[in-house]
Amino acid sequence: MAAAAKPAKPAYELSGWERFKKDVVRDKWLYLLILPGMLFMLIFRYIPIFGNVIAFMDFNPYNMWNSTWVGFDQFIKLFNKPAFMQTFYNTLYISILKMVCGFPIPIILALMMNEMRNMKFKKVAQTLLYLPHFISWVVMAGLIMNFLDPSTGLVTALLKSITGKDLQVLTDKTLFVPMLIITDIYKTMGWGTIIYFAALSGVDPQLYEAAEIDGARKWKQMINITLPAITPTIVIMLILNCNNIVNAGFDQIFMLYSALVYDVADIIDTYVYRIGIQKADYSFSTAAGMFKSIIALVMILIVNFVAKKTGNEGIW
Amino acid sequence: MEKNKIKTSTGEKIFTVFNYAFFTLLCLVMLYPFWHEIMLSFSSLEASMKGGIFLWPKGFNLDTYKSVFKNPNIYTGFRTTIIVTIAGTALGTLLTAMTAYPLSKSRLRGGKVLMTLVLFTMIFSAGMIPSFLLIQTIGFMDNILALILPGLVSAYNCIIMKSFFLSIPESLEESARIDGATDLRIFFSIILPLSKATIATIALFTAVGYWNDYFSTVLYIRSVDKWALQAVLRNMLTNTQQAMQQAGVNVMAQTNTNAQTIKAGTIVVSTVPILIVYPFVQKYFVKGVMIGGVKG
C-alpha cells in the first residue's frame, strides 16, 4: 500500500534522497553517454596522476610490489642536484622570456589587423599567419636546421653579412635561447591573433559609430573601445600562460637542442625524458615531473585568484 | 565628402599604408620557408651543397623524390599516421561529444563534480613517466593503440563542445521529449546533427594533433614499420646518411654529406597533405575559437 502511495507523492514532498534517486533514474541515458568519457579520464588521466606516488618510492620496474617507500628522499635528492636546479632555472628563464616577448605580439597584430578595411586581404593574411600553428615541430625543426645550416643556411649567410662572423646558432650558447624565442613567436603568433580576433568580432559596431560622431579619432577609439573589449581575453590568456610557466616548449627544444647547449637549453621536461625514459630512473624522474606539475597548478590557482579579486573573470 | 576628410588625418593614412605593407611582408615571411623547401627539393644535390638557392631551383630534377619514395619507411609512416589519425579522430570526436553533452545539462546530478574532474586534467598534468608506465603496464608497448588511445579526449575540446551545447535552445529537446524520445535518442538524432560545424572543428583539432604527433612514437613504438610519419621524418632529418642509404643514394666519401635536398623532399612530402587541406578547412578552426572563446 505504501509502495502504491509513493509515486503519487508530489515532488515537493519527496525527501532529498528520493529526489536524487528519481533524478538519477530520469537521467540514466545521460549517465550512460558520459560513462565512456569518464572511464577514459579515469584510465588515461587519473591513474597516471595517482601513479605519481612512485615519486615517494624507490620504484622497482621489474617487481612493482617490491618497491620501498622512501618518503621525500627523491625530492631531497632532486633539490640537491645542481643539474636539476639548472634545468629548473632554464625552464623559467626560457618560458618567461617567451611570455614577455611573445605575449604582446598577437594583441598588437590583432589591433593592427582590426584597422584594415580590405576584407579579402585581411582574410588571406590571417590564413597565412596562423599556418605555422598547424605544422609539427618536427617539420619546423627541419626548416630551422635548414635555414641555420652552418654552410648553406640562408639565415647563416644573412647573419654573416650583418655581423661578419660565422655564427652557428644551433650550437652557440648565447644564440640558442634567442633562436628559441624567435622561432616560437613565429609559430604561435598567428594563432594567438585569431583568439583576440574572435573577441574583437563581438564588439558592437555602433560603439565605433557613436565614437566617430563624438569626434573620437581612431587612436582614441582603439584605447577606449577596442582594448576594453579584448581585456577579458587578455586576462584569460595571461592565466593560461602562467599555467605554462614550467612548460618552456618541450617539442621545440627536444627537436633542436644538443649536448653542446645543455647548459642553457636543458629544461625540466627534457631532463625528465633523459633520466626517466633513457636511463629508466623512474622514481627520480617522476619526482622531477611532479614538482613541475605542482608548480603549474599552484601558479594557475594563484593567478586565477588574483584575476577574480581584481574584478576580472577567471577561467572557472 | 567633407566628413570623410576629417576622419582620415595624414597620420592615419600613413598608418594604413604601413599596415598593409607590414602584413604583406609578414605573409611572405610565413610562406617563404615552405617555398624555399619546395625549391630546394627540386634542385640537384650538388647545387644544394653550394648553397645560394633562394627563389628558384638550381639544376632542376626529380631525383630527390625518386629517392624519398624509395624509402619504405615513408609508406609505413603514412600508413600508421593515416590509421591513427582516422581512428583517433572518429573515436575521439564522438567521445568528446558524448562526454560534453551530459555536462551541459544543469539538471544532471553530480554534473558539477564530473566537470571539475574533467577540468582538473587540464590544469594538472600527470607527467611523462607515469603515463609511460601506464602504457607499459597495460601492455600497449609497440602497439599503435598506444598512439591512439591516450589522445582521444582533451578537457579543452570538451569545454568547447559543452559551450556549444549550452547554446542550443532547450525547447528543441522538449518537443522531442514530449513525443517520448529518450535522452540517447535526442542526443544522436537531434543534437549531433545540429552540431555539425562544431564537431567538424573538434575533429580538425584532434586530427591535426594526431597527424603531428611525434613523441608518442618515441615513447611507445619500437618497430620501425609501426612508426608514425613524424618519427620517420625526424629520423630522416637527423640521420641523413642512413636515410640516404635506405633511399638508395650513393653516399659520397666525405663524411659531412649534407643532403639538404633529401631533407627538403621529405619535409615537402609529409607537409603537402596539410597544405592542400588547410585552405579548405581553416575556417572551421577559427569557428572553434569563436565558439569556445578560450573559456567554457
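So here's what we get for this one:
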| read-out | value |
| --- | --- |
| Number of the condition not met by residue A:136 [criteria: (1) among the small types (Gly, Ala, Ser); (2) more than 25 Å from residue B:263 (Cα to Cα); (3) touching a helix residue (DSSP H, G or I) at 6+ places or on another chain (Cβ under 8 Å)] | (2) |
| Breaking point among (1) within 12 Å of another protein chain (Cβ to nearest Cβ); (2) at pLDDT 95 or above, for residue B:101 | (2) |
| Residue count for the range B:271-286, restricted to those that are free of Cβ contacts under 8 Å to residues at least 60 places away in the same chain and facing chain A (nearest Cβ under 10 Å) | 6 |
| Residues being touching a residue at least 40 places away in the same chain (Cβ under 8 Å) and not polar (S, T, N, Q) - total across the range B:70-89 | 9 |
| Filter pass, residue A:275 being surrounded by fewer than 24 Cβ atoms within 10 Å (Cβ to Cβ), at negative phi, at pLDDT 85 or above and not charged (D, E, K, R) | yes |
| Any pair with Cβ under 6 angstrom, 6 or more apart, that starts in the range A:122-142 at a residue that is buried (at least 23 other Cβ atoms within 10 Å of the Cβ) and ends at one that is not in a helix (DSSP H, G or I) | A:138/B:214 |
| Count of residues meeting criterion [surrounded by 12 or more Cβ atoms within 10 Å (Cβ to Cβ) and not in a helix (DSSP H, G or I)] in the range A:47-90 | 9 |
| Boolean, residue A:128 is in contact with a Cys (Cβ under 7 Å, 6 or more places away or on another chain), part of a helix (DSSP H, G or I) and either outside the structural domain of residue A:217 (by TED's automatic domain parsing) or closer than 30 Å to residue B:238 by Cα (or both) | yes |
| 2 or more residues within 19 Å of residue B:216 (Cα to Cα) and out of contact with any Leu (no Cβ under 8 Å at 6 or more places or on another chain): qualifying helices (runs of 4 or more DSSP H) within the range A:179-286 | A:250-256, A:268-272 |
| First in the range A:56-77 and not assigned by TED's automatic domain parsing to the domain that holds residue A:288, second anywhere and of a type in the set (Gly, Ala, Ser) and surrounded by fewer than 16 Cβ atoms within 10 Å (Cβ to Cβ), Cβ under 8 Å, 6 or more apart | A:56/A:71; A:61/A:280 |
| Whichever residue in the range A:52-76 is touching a helix residue (DSSP H, G or I) at 6+ places or on another chain (Cβ under 8 Å) and under 18 Å from residue A:295 (Cα atoms) and, among such residues, is farthest from the other protein chains (Cβ to nearest Cβ) | A:72 |
| Residue that is farthest from the other protein chains (Cβ to nearest Cβ) [pool: residues in the range A:253-272 that are within 20 Å of residue B:126 (Cβ to Cβ) and surrounded by fewer than 22 Cβ atoms within 10 Å (Cβ to Cβ)] | A:270 |
| Count of the range A:169-211 residues which are more than 14 Å from every other protein chain (Cβ to nearest Cβ) and under 25 Å from residue A:156 (Cα atoms) | 13 |
| Where residue A:240 falls short, out of the listed (1) under 15 Å from residue A:84 (Cα atoms); (2) surrounded by 15 or more Cβ atoms within 10 Å (Cβ to Cβ) | (1) |
| Residue check, residue A:288 in contact (Cβ under 8 Å) with a residue 40 or more places away in the chain, crowded, with 23+ Cβ neighbours inside 10 Å, within 25 Å of residue B:220 (Cβ to Cβ) and touching a helix residue (DSSP H, G or I) at 6+ places or on another chain (Cβ under 9 Å) | yes |
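The values are calculated or read from the model by the stated rules, or taken from the named source; none is laboratory data. Just so it is clear, the structure is predicted and the values come from calculations on it, not from any experiment. Ideal geometry is used to build each Cβ from the backbone, glycine not excepted, and the neighbour counts take in all protein chains shown.
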